[in-house]
Structure formats: structure tokens, C-alpha cells
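The values are calculated or read from the model by the stated rules, or taken from the named source; none is laboratory data. No experiment lies behind these values; they were computed from the predicted model shown. Note that each Cβ is placed from the backbone with ideal geometry, even for glycine, and that neighbours are counted across all protein chains shown.
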Amino acid sequence: MDIKQIKQVIELMKRAELNEFSVEEEGFKLKIRRGNSGRGKTNQQGSMPPFMVAAEPTAQAAVTAAPMAVAPSAAPAVTNDEEAGFSFIKSPMVGTFYRSPSPDSKAFADIDGKVTETTVVCIVEAMKIMNEIQAEVKGTIVEILAEDGDPIEYGQKLFKVKTG
């Protein structure tokens, strides 16, 4: 599925007033949710609520889709700390870091919390889209390297994880 097809799906969702859509096709899953995230300022001039897009990797490919761009996965890169049994969860995009799904909710992940490859550890808001970030490593979180609401960069380390 390419970006043009994703845009067509979003347009169809608007016209049909659908709030959620998911599809599995040739090695990837795509789930699009439409709704207000409850964060940030709202436009008082009646703009459309933001889209929330999350893709789940399957055995063949990992794809994260957004209406305007396709974001790379948050694959941890090898560093000196990883040789010592540590790994880092890095941001796959530029955006705003959030530890919980809403201001009143419990954080996705805390220090000493166990994570697996599919555990959602935070949200990165980019262009009014809430992107759930998965750990992609198995281990225990030993350090949280970003504060709630911080602007973050592509590749920025968000969590330090003791692997094993």
C-alpha cells in the first residue's frame, strides 16, 4: 500500500464518517483512528479532528503510515552501552514526546518496567498524529531520557533498556 492509497482511505473515512479503519495486506497491518487526542490547543474554526495512525509490523515488513509521510521504525542502533547489555529506544520521527495516552492516564512505561518488542512505551505526536512507539527490544527500562511534552528529534534516545 503506497501513500496515495492511504490518502484515498483517509478521504473515504471522512466522507463515510468512519472513526476507525484497519487493513492487513502483503506483510503489513495499517490501523487508522480518527479523533481528538485531548492534547494541545484546538482550532475553534471547526477544523477536522486529527487522524491517529498506527501500523503493526508483521513477519515480512514494518510500516508506520501517516497521511503525508511514511515514518521509519524505531530500530535501536548498536552503541557502546549495548555491548555492556544495554539498548536504547530511539525516536523514529521528529515530534513531541508523551509518556501517556492522555494527561490523566498512567504512563505507558516506567523505570524498572519490563518491556517486550511489542510493548508501547510512549507516543510521539507529529503533525497532529499520535504515533505509538514500541520498544522493539526485550528487557527492563533503566532510564527515561525525555520528559513528557519535550520536543524530540529523529533518532533521539528516549529510553535506556537493560536487555536480557
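Restricting attention to segment 113-147, which residues are in a loop (DSSP other than H, G, I, E, B) and touching a strand residue (DSSP E or B) at 6+ places or on another chain (Cβ under 6 Å)? Full working, then the answer.
Here is the first cut: in segment 113-147, the ones in a loop (DSSP other than H, G, I, E, B) are 113, 116-119, 127-128, 135-138, 145-147.
G113, T118, A135, V137, L145, A146, listed by residue number.
Please go through segment 69-115 and pick out each residue that is surrounded by fewer than 18 Cβ atoms within 10 Å (Cβ to Cβ), among the polar types (S, T, N, Q) and either over 18 Å from the mean Cα position of the chain (by Cα) or at pLDDT below 55 (or both).
S73, T79, N80
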